[in-house]
1. Given contacts defined as C-alpha pairs under 8 Å and at least six residues apart, what's the relative contact order of segment A:4-118, whole-number percent?
2. I'd like to know how chain B sits against the 2.2 N^0.38 Å rule of thumb: what's its Cα Rg over that expected value?
3. Counting helices only, and only those DSSP H runs with n ≥ 4, report the 222 nm mean residue ellipticity of chain A as the sum of -39,500 (n - 2.57) divided by its residues, in deg cm²/dmol to the nearest 500.
4. Please compute one quarter of the surface area of the Cα convex hull for segment B:162-281 and express it in square nanometres.
5. Just to be sure I understand: of the beta bridges DSSP finds with both ends in the protein assembly as shown, what percent are antiparallel, rounded to 5?
6. With runs of 4+ DSSP H residues as the only contributors, calculate the mean residue ellipticity of chain B at 222 nm using -39,500 (n - 2.57) per run, divided by the residue total and rounded to the nearest 500.
7. Return the whole-Å distance between the Cα centroid of segment B:14-28 and the Cα centroid of segment A:29-72.
8. Can you give me the angle between helix B:38-58 and the longest principal axis of chain B, using Cα atoms only, in degrees from 0 to 90, rounded to the nearest 10?
């Protein structure tokens, strides 16, 4: 039984750091057998297309590794920028803040858990 | 080589020119039937003659974009702005300048005496200059009017996109009028900000007041829906009229799974259910 991982992305993340984060995160998910990942971007005040793609990639990777991935705390300006950039992050679950994100995560994982029991 | 003839004539006969000009102005459309007081008009006339005297003394040609003409340009821009506010039309504003020609030409003629060539030169110079100044006044007038229009447009944009709280966690955005990209921008900013402030989970976009939904409008709506989703809120579109439904189907617009309802009441009922509330009658 794994735990949840909380990743906080802060402002001014350089390209190199972003790639390292992806690396560290995928390793951590596997090592801890994490069931869920919360990516907190409430400190991000603006994004460019690189960060936008990076966030999308991290979310997809989490899913591929079997962890429910939820993006939380997106600021209005960031949401608008992503939409204008055409990065709608389809298939990525989102929540307003960490609290809601946790609740959502639990609901989703419980739903999966029910399937397991029925088998 | 600057030709100071016009300037000298203005210096010598300035008072007579101004008096004659004032008489013409009083009888014409430039005085505007009381929209501007005689005293204000006199003061503007005197100021203009002074500025013209100085500018024409040193300026080489009638290229009014030269720095010697800056004071007179700014003076005319000020006059245009106040005329806009006083309700004058652009031609009434410009004729203020053009009507100086008559007394000025009379003075130039008196000064030239029998020298027809010199007179012709001076008249041409004067007319060229006053025409340029008159046109500059019209340009400034147009710009002032455009500023008023732009300001009113901005105010209309802000007034017409209120975000209202329907219930705990449920916001509504009644949209009235066409949805263009500028409007969408304002809508998105307001709505997303309100979502953060109230922690809302559901936003209902009511489009009863949107006259047509074509592919462009649909794109704008979808942008708003997507931005909301990125922030963890859900969106319901309500107020879909029969006409709109037909247009959307005929155009093949893909609403990408957004829940839509025909009216706000149904949307509210659904939103309440989704936020864990129930209605009892």
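1. Details: 147 pairs, mean separation 31.3, N = 115.
Normalised by residue count, the contact order of segment A:4-118 is 27 percent.
2. On the way: Rg = 31.4 Å, N = 281, 2.2 N^0.38 = 18.7 Å.
Here the answer is 1.67, to two decimals.
3. Values: 4 runs with 64 residues, N = 119.
Mean residue ellipticity, 222 nm, calculated: -18000 deg cm²/dmol.
4. Details: hull surface 28.4 nm².
Computed as one quarter of the Cα hull surface, the answer is 7.1 nm².
5. Values: 3 of 29 bridges.
If we restrict to bridges inside the protein assembly as shown, about 10 percent are antiparallel.
6. Working: 10 runs with 181 residues, N = 281.
One gets -22000 deg cm²/dmol as the mean residue ellipticity at 222 nm.
7. If you average the Cα positions of each part, the centres end up 78 Å apart.
8. It works out to around 70 degrees.
Only the coordinates and a few stated rules stand behind these numbers; no lab work does. Remember, predicted model here, so these are calculated numbers, not experimental data.
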